[in-house]
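The values are calculated or read from the model by the stated rules, or taken from the named source; none is laboratory data. Small disclaimer: the values here were computed from a predicted structure and weren't measured. Cβ sites come from the backbone with ideal geometry, for glycine too, and all protein chains shown count toward neighbours.
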Amino acid sequence: MKQKTKQDIPVLILLGAMVVFFITFLASETTLIDKEEKYTHSFEAAVDAQAKSSTQDVKLEDSGAAEAEEEDIRNAMDIGRSSTDFQFLKLDETADLTPAQLNESLEGKGILEGRGETFHAAQEQYGLNALYLISHAQIETGNGRSSLAGGIEVGETTYYNFFGIGAFDKKAVSKGSGYAAESGWTTPEKAIMGGARFISENYVSKGQDTLYKMRWNPENPGKHLYATDIHWAVKIGNIMESHYSKHGLTADEFRKDYYTEE
C-alpha cells in the first residue's frame, strides 16, 4: 500500500501543476477581457449613445441654457478639438503646494478666499488634486459669489454647496441646498471636505478619474455623468491650466485613449 502511494506522488504533483496553470491562465484571460472591455466604443458610437441617452446635454449661452444638438455634443466630445489637455489630467495626481500657495489661487474668489488649508486637507484626505478642487469650486460657485455658494438658509440653519452636487439646472439653488442640508454641510469647510469625499467615492474611485470621464464616461456613454453643460470639463480644465501656469507646475498623467478605432 505504501509503494502504491509513493508511485502516485508524481501523478498528484502533475495534477497540482495543471490546476495551478489553469487558474493562472483563467485569471490572465479575465484580466485581458477586462482591459478590452474598457474601450469598447468607437468615438462615433459614443457620440451616438450620448445623443440618444436620456441625459440632458446643454450649452450655455448669453440668453441662458439651450439644448445641445448632436453636432454640438460631437464637437465637445472630440478630444482633438480640446482647448486644454487639463480636462484629461488624472485627478488623483496631486499638486505639490502649501496651503499658503493655494491661497494665492483663491485671492478674490469670494467665499472661497483664504480656504487654502481646507483644500489642502481635502487633497491629503481624499487624494484629489487641490487645484482641480479649487477650479471645480470656482465654476460651480461663480468664483465664490453665487447665491448657493454664499449659503442658503434651510429652517434656521445655513448650508453650503461648492461643487454643484445635486444642483440640477432648473432648480439649482433649492436642490443644491437640499443636498447640502441632507449632508450636514453647515460650514464652508464641511462643504469642501464633503464635496471632495463625494467626488472621490462616486467618480474618481470608480474609474471616472479625469474631468473628461466625469462628463462623458467613455466606458458607458450617456450614463453616470457629473454635469449637463457640454463644456463643463474643458471650462474647469482651462482654469486648472491657468493655476498650474501661475505656480510654475507641470502635469504628467494626461489620459486620452478612450475610444477604439473606427
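Scan Ala66, Ala45 and give me the residue that is modelled with pLDDT of 95 or more, among the small types (Gly, Ala, Ser) and surrounded by 11 or more Cβ atoms within 10 Å (Cβ to Cβ). Quick ask: steps written out before the conclusion?
Numbers: Ala66 fails: modelled with pLDDT of 95 or more.
Ala45 is the lone residue from the list that is modelled with pLDDT of 95 or more, among the small types (Gly, Ala, Ser) and surrounded by 11 or more Cβ atoms within 10 Å (Cβ to Cβ).
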#### Entry: Single condition Leu102 does not satisfy, out of (1) within 21 Å of Thr250 (Cβ to Cβ); (2) out of contact with any Leu (no Cβ under 6 Å at 6 or more places or on another chain); (3) crowded, with 21+ Cβ neighbours inside 10 Å; (4) touching a residue at least 40 places away in the same chain (Cβ under 8 Å)
(4)
### Query
Which residues, taken from region 172-226, are crowded, with 22+ Cβ neighbours inside 10 Å and among the hydrophobic types (A, V, I, L, M, F, W, C)?
Ala180, Trp185, Ala191, Ile192, Ala196, Ile199, Val204, Leu211, Met214, Trp216
### Task
Identify all residues within region 141-160 that are buried (at least 23 other Cβ atoms within 10 Å of the Cβ) and either part of a strand (DSSP E or B) or at pLDDT 90 or above (or both); write none if there are none.
Thr141, Tyr159, Tyr160
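Just to be sure I understand, how many residues within region 179-237 are in a helix (DSSP H, G or I) and not acidic (Asp, Glu)?
Within region 179-237, the subset in a helix (DSSP H, G or I) is 179-183, 188-202, 204-206, 211-216, 232-237.
From the residues that got through so far, the ones that are not acidic (Asp, Glu) too are 179-181, 183, 188, 190-200, 202, 204-206, 211-216, 232-237.
Number of matching residues: 32.
Okay, residues lined up against (1) at pLDDT 95 or above; (2) in a loop (DSSP other than H, G, I, E, B); (3) surrounded by 10 or more Cβ atoms within 10 Å (Cβ to Cβ); (4) among the aliphatic types (A, V, I, L, M):
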{"residue": "Gly16", "(1), (2), (3), (4)": "no, no, yes, no"}
{"residue": "Phe22", "(1), (2), (3), (4)": "no, no, yes, no"}
{"residue": "Gln50", "(1), (2), (3), (4)": "yes, no, yes, no"}
{"residue": "Thr55", "(1), (2), (3), (4)": "no, yes, yes, no"}
{"residue": "Ala76", "(1), (2), (3), (4)": "yes, no, yes, yes"}
{"residue": "Ala95", "(1), (2), (3), (4)": "yes, yes, yes, yes"}
